[in-house]
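As structure tokens, the structure follows; a few thoughts come after it.
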Amino acid sequence: MLKQLTLTNFRKHKARVIDFTPGLNVTRGQNEAGKSTVNEAILYALYGSSILREPLDDTVTWGEKPSTLRVELEMQVKEKTYTFSRALSGAEVTLDGNVLVTGQKEVSAFATQLLGADGKAVQRLMFANQGNL
């Protein structure tokens with residue numbers, strides 16, 4: 001279950017914190033409000049820049065340095081709350097404030113193991129149109 005997503009200079013979201021509630025959460029807004037960007041940020045936190053639709057340098061908020069982009073995702077899996085943090089300079093997963101995994105590839109592999117699906121499978125599910133479900 002997703003708990004919180006914090007975005008810093010990720011596309012349109014210069015500084016945004018999104019709190020999720022238990023159960024189904026719905027994202028709605030006008031066209032170009034950044035709804036798909038929220039989904040993409042979740043994927044980035046879990047699986048890294050290879051899952052982005054554009055290079056990381058083009059994902060940072062316009063006018064900001066790529067080094068300022070940061071995404072943090074807090075999620076609960078089997079009664080444990082993990083925090084995935086990712087930026088240009090590195091990535092890590094913590095559990096109860098203790099670092100479990102560091103490194104871009106290592107965090108992606110941990111997410112795959114924890115969720116039982118790789119980034120491409122999760123991406124297809126998150127961005128599936130009605131005909132592909």
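Points worth noting:
- Extreme residue, least open to solvent (accessible area, probe 1.4 Å), among residues of segment 111-133 that are modelled with pLDDT under 80 and not aliphatic (A, V, I, L, M): Gly131
- The residues of segment 81-101 that are surrounded by fewer than 14 Cβ atoms within 10 Å (Cβ to Cβ) and either at pLDDT below 95 or more than 23 Å from Thr21 (Cα to Cα) (or both), listed by number, are Ser89, Gly90, Asp96, Gly97, Asn98, Val99.
- All positions within segment 20-62 that are open to solvent by less than 70 Å² (accessible area, probe 1.4 Å), over 14 Å from Lys120 (Cα atoms) and assigned to a loop (DSSP other than H, G, I, E, B): Phe20, Gly23, Asn25, Gly29, Ala33, Gly34, Thr61
- Subset of segment 63-79 (residues that are among the β-branched types (Val, Ile, Thr) and either open to solvent by 50 Å² or more (accessible area, probe 1.4 Å) or over 24 Å from Gln113 (Cα atoms) (or both)): Thr68
- Look at segment 17-28: where a residue is among the aromatic types (Phe, Trp, Tyr) and a partner is surrounded by 11 or more Cβ atoms within 10 Å (Cβ to Cβ), sitting 6+ places away or on another chain with Cβ atoms under 6 Å, you get Phe20/Leu2; Phe20/Lys3.
- Residues considered: Arg86, Arg70. Of these, the only one that is in contact with a strand residue (DSSP E or B) (Cβ under 6 Å, 6 or more places away or on another chain) and more than 20 Å from Val122 (Cβ to Cβ) is Arg70.
- Verdict on Glu106 being open to solvent by 40 Å² or more (accessible area, probe 1.4 Å), outside any strand (DSSP E or B) and either farther than 16 Å from Ile51 by Cα or modelled with pLDDT of 95 or more (or both): yes
The values are calculated or read from the model by the stated rules, or taken from the named source; none is laboratory data. Predicted model, so just to flag it, every value in this text is computed and none were measured. All Cβ positions, even for glycine, are placed from backbone atoms using ideal geometry, and neighbour counts span all protein chains on display. Accessible surface is based on the protein model in full, side chains and every heavy atom, while ligands, DNA and RNA are left aside. Shrake-Rupley method; radii C 1.70, N 1.55, O 1.52, S 1.80 Å.
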